[in-house]
Amino acid sequence: MNERDSEAVAALLRARGYRLVPDEDECDILLLNTCSIRDLAEQKALGKAGHLQARKRRQPRFILGILGCMAQNRGAALLDQLPDVDLIVGTQKFHQVPGYLDNLRAAREAGVPLGATIVDTAAEAGSQNEIRDHVLAERPVTAFVSIQQGCNMDCTFCIVPKVRGDERSRPMDAIVAESRALAERGVREITLLGQIVTSYGRRDYAHTGGRTPFVQLLERLHEIDGLARLRFTSPHPRGFKHDLVEAYGRLPKLGDYVHLPLQSGSNRILRAMNRPYTRERYLEIVDALRRVRPEMHFSTDIIVGFPGETEEDFAQTRELFATVNYDMAYIFKYSVRSGTAAAAMAGQVPEEVKEERNQILLRLLEQNSRRRNQALVGTVQEVLIEGPDRKGLRFLGRTRGNRTVHFAADEKLIGTLAPVRIERATTAVLYGELVPAGVES
Ligand code: 5AD
């Protein structure tokens, strides 16, 4: 989501005549988009910003801005630590950045002394409609499309509702138009983005034919010619009702992959987290999806060391983690976020215990991912070819199950769906060979 927000700002700046440079050392203006989800993210951003501030001494016209969640969370208080920052812009004001930069530059040119920082962290109605412009590669294959801002859930560990505001959805027509335009530019896969995508449009559109607005949106996007794959992140388990599970049965462009945040496998902890489902319900969803799509791959988010998490609670998480047989997982140590309900809870777990539980799940994940990847060796997978890999030696693409595959290919095949025979697997990636016959043109 942050990448997408940054991209939208970059597109607006480019439209105003600014140029994106590949190397931060070359720039005259540097905007840091920041995350607040865990303390570590904020500390990293603060460290980076502190370092960059020093550059103002060498380069007096250098402009430094802090955008996004940390800007929203801390506002003008950031100036205590970072007095030389020029711009602090919150999560509903990304689109105002070009105007603010114009103002800053005009002030500089008029000789206004340094120190007049622009701070804007206000709420803005309709800001969800502003994340819509793209900076596309020469041959874009995948793109993110933002469908919603904010979050109305009240997970006790989470700072997002505070920094991203109330849940607001974009109009379905605007999302469809944007996706169609991307497809016309050659994009083959879009990933819909939102805090809780499954809640999309629930206050703006009726359920028709027993289908949520989110499923209706998927149906409309599915019809776009040129789009081969449709993904989304993140859904909430609560949103996986019958209509969405059933959609996987009739919408083949939905890949064989779901990111389904679990957070904890203990019902007691789920309750304390204010997550409105049980481990049993979660497993039901996984089973239902595997019934519709036997090849379904799952990833998840887990928090270890939530306040009050006992060995028994953690054992439940571990057990469920193994049962679901995840292909991928993001495992986090609980991080105290001030202003959230969990920050004030009794039973905060010591750092060493969090670390130990983190390591246990990471090891389990490694075994699972390797085993799941190994099982693909010898099979032929449909791969969407994205482009050269980082070293430029091979090409890379992803399977319907969202596993990355490296293989030798030809430039001409970028953006096509091609059968690739999997020959070798590690924990994180697959290596394979293109099966020449049947390559889609
Ligand atoms: N501490 C650790 N992880 C967190 N997440 C959200 N808040 C916290 C926190 N306070 C994790 C959740 C969420 C993911 C995006 O970040 O697992 O799904």
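The values are calculated or read from the model by the stated rules, or taken from the named source; none is laboratory data. Bear in mind the structure is a predicted one, so any value in this text is a computation, not a measurement. So basically every Cβ, Gly included, is an ideal-geometry build from the backbone, and we count neighbours across all protein chains shown. Note: accessible area is taken over every heavy atom of the protein model, side chains too, but ligands, DNA and RNA are not part of it. Shrake-Rupley method; radii C 1.70, N 1.55, O 1.52, S 1.80 Å.
Yes or no: region 426-440 includes at least one residue that is touching a Gly at 6+ places or on another chain (Cβ under 9 Å) and surrounded by fewer than 21 Cβ atoms within 10 Å (Cβ to Cβ).
If we filter region 426-440 for residues that are touching a Gly at 6+ places or on another chain (Cβ under 9 Å), which is where we start, we get none.
No, the conditions are met nowhere in region 426-440.
Counting only residues that are in contact with a helix residue (DSSP H, G or I) (Cβ under 8 Å, 6 or more places away or on another chain) and either part of a helix (DSSP H, G or I) or open to solvent by less than 40 Å² (accessible area, probe 1.4 Å) (or both), how many does region 345-364 have?
Our first condition is that a residue be in contact with a helix residue (DSSP H, G or I) (Cβ under 8 Å, 6 or more places away or on another chain); within region 345-364, this holds for 345, 357, 360-361, 364.
With either part of a helix (DSSP H, G or I) or open to solvent by less than 40 Å² (accessible area, probe 1.4 Å) (or both) added as a condition, the list becomes 357, 360-361, 364.
Qualifying residue count, region 345-364: 4.
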Number of the condition not met by I159 [criteria: (1) closer than 23 Å to D120 by Cβ; (2) open to solvent by less than 20 Å² (accessible area, probe 1.4 Å); (3) touching a strand residue (DSSP E or B) at 6+ places or on another chain (Cβ under 9 Å); (4) within 16 Å of the ligand (Cβ to nearest atom)]: (3)
Within region 317-337, tally of residues that are more than 23 Å from the chain's Cα centre (by Cα) and either within 8 Å of the ligand (Cβ to nearest atom) or farther than 17 Å from L260 by Cα (or both): 0
Filter result for F94 (of a type outside the set (D, E, K, R), modelled with pLDDT of 95 or more and in contact with a Phe, Trp or Tyr (Cβ under 8 Å, 6 or more places away or on another chain)): no
All positions within region 131-169 that are out of contact with any Gly (no Cβ under 9 Å at 6 or more places or on another chain), within 22 Å of A71 (Cβ to Cβ) and among the β-branched types (V, I, T): I131, V135
Scope region 386-412; condition open to solvent by 20 Å² or more (accessible area, probe 1.4 Å) and closer than 20 Å to G255 by Cα; matching residues: E386, L396, R398, R400, N402, T404, H406
Pairs where the first residue, in region 364-390, is charged (D, E, K, R) and the second is in a helix (DSSP H, G or I) and crowded, with 19+ Cβ neighbours inside 10 Å, C-beta under 9 Å, 6+ apart: none
All positions within region 371-381 that are open to solvent by 70 Å² or more (accessible area, probe 1.4 Å) and farther than 24 Å from T323 by Cα: V380
Cross-chain or 6+ apart pairs with Cβ under 7 Å, region 101-115 first and over 11 Å from I63 (Cα atoms) and in a helix (DSSP H, G or I), then at pLDDT 85 or above and open to solvent by less than 60 Å² (accessible area, probe 1.4 Å): N103/I118
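Among helices (runs of 4 or more DSSP H) lying entirely in region 244-344, which contain 3 or more residues that are polar (S, T, N, Q) and surrounded by 17 or more Cβ atoms within 10 Å (Cβ to Cβ)? Before you say what the answer is, go through the steps one by one.
Working: elements: 267-272, 279-292, 311-324.
Result: empty, no element qualifies.
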From the options G150, G194, G226, G209, residue that is away from the ligand (no atom under 16 Å from the Cβ), among the small types (G, A, S) and open to solvent by less than 50 Å² (accessible area, probe 1.4 Å): G226
Index of the failed condition, N103 passing every other in (1) within 26 Å of S338 (Cα to Cα); (2) surrounded by 12 or more Cβ atoms within 10 Å (Cβ to Cβ); (3) among the polar types (S, T, N, Q): (1)
